[in-house]
Amino acid sequence: MIKVGDEFGFWTVQEHRGGARYWVQCQCGTEREEYASSLLLGKTLSCGCMRRMRQPKVGDTVGEWKIVSYGGPPSRRALCQCSCGTMKEIDVYSLGRSSNSCGHGRRKTVTSAVGAKRCAECGEVKPLDDFHRDRGSSDGRRPRCKPCVKEYDDARQGDRNRRAREAYQKNPAAKNEKTRAYHLAHPDWSSQKARESHLRHAEERARRHRERGKDPVVQASRRAASRRSESRRRAIKRLAESEHITEQQLQDLVDQFGGACWICSDLFDEEKVVLQIDHYKPLAKGGAHTLANLRPACADCNLRKSGRWPFTAQMRAEVAQAVRRLRSGS
């Protein structure tokens, strides 16, 4: 609701004259009647003095244009000179909006080569595929090549991050909801990002796990959890399809894989690459305790594979990469 004293642009409300009509006064002293819709929607901001105050003058520089000659209202045409020396008549109200230069920056990109153009930044002639698409350009491509655009963006990454942090601090709930909605709308992308984050922070998690393991209370809790897990595993194994497997069959299985882990392909030894027998399809997911479902795996890979199913080729590569990175110490 509009009240006396409210300000809209240069207007100040003086009195309500009934219905949607208000008597207003401009900062220059002009008074007149205006409708509420005009004030609320910003259709009128002043009596015209605002535009007169912002009227361009000879000598002003807007974008790369410099006003050389302008007779003032009612004419809207001004003679301007571009930074490259081009003289042209321009609509004064388009300066800085739809017109910032004569277009010399785009003309620099023209070349006689077919399917190529010259970058306006580095000056090199490159194929059109090296330029981002731009529907507003005459050739459908941006004037600067992709490496130059990336260099420009990288130089301002800090500012973008700062603005993003400020926006988050103003309304963290809205940002969290927007992020959550995007993850729900793109589940494949979300899963891929989660896997990348998991691999990226694997060493840090392992370090924190070892540090916490020095606490006697944590040690007791982990031993109890291990006993419960082993009890569940034995119960599942009794219920699952199974067959008697001899030591010789297990040795033949290891030899079949060349004495190496089936995931990371590292050869078994007594120290770093410790041999374990892994169920390809985990017992917890309905796998059988049969020779066909067994694989020789090192302890590190077996731990990371855990009970994941289906265990895809991508997951196998990620586990192998994480284990090799752990063993190399990088």
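The values are calculated or read from the model by the stated rules, or taken from the named source; none is laboratory data. Everything quoted here is computed from the prediction, not taken from an experiment. Cβ placement follows ideal geometry from the backbone for every residue including glycine, while neighbour counts extend to all protein chains displayed.
Residues of region 261-279 that are buried (at least 17 other Cβ atoms within 10 Å of the Cβ) and under 40 Å from the mean Cα position of the chain (by Cα): C261, W262, I263, C264, D266, V273, D278, H279. The residues of region 186-204 that are among the hydroxyl-bearing types (S, T, Y) and loosely packed, with under 11 Cβ neighbours inside 10 Å amount to a single one, S197.
Checking the structure you have, find out if any residue of region 37-48 is in a strand (DSSP E or B) and surrounded by fewer than 16 Cβ atoms within 10 Å (Cβ to Cβ). Checked region 37-48: no residue is in a strand (DSSP E or B) and surrounded by fewer than 16 Cβ atoms within 10 Å (Cβ to Cβ). Of the residues K117, K150, the single one that is basic (K, R), closer than 30 Å to K66 by Cα and either out of contact with any Leu (no Cβ under 9 Å at 6 or more places or on another chain) or modelled with pLDDT under 90 (or both) is K117. Where helices (runs of 4 or more DSSP H) sit wholly within region 98-205, those with at least 2 residues that are without any contact (Cβ under 8 Å) to a residue 40 or more places away in the chain and within 30 Å of A322 (Cβ to Cβ) occupy 146-155, 157-170, 172-185, 187-200. Considering the conditions (1) over 43 Å from the mean Cα position of the chain (by Cα); (2) touching a residue at least 40 places away in the same chain (Cβ under 8 Å), H244 is excluded by exactly one of them, (2).
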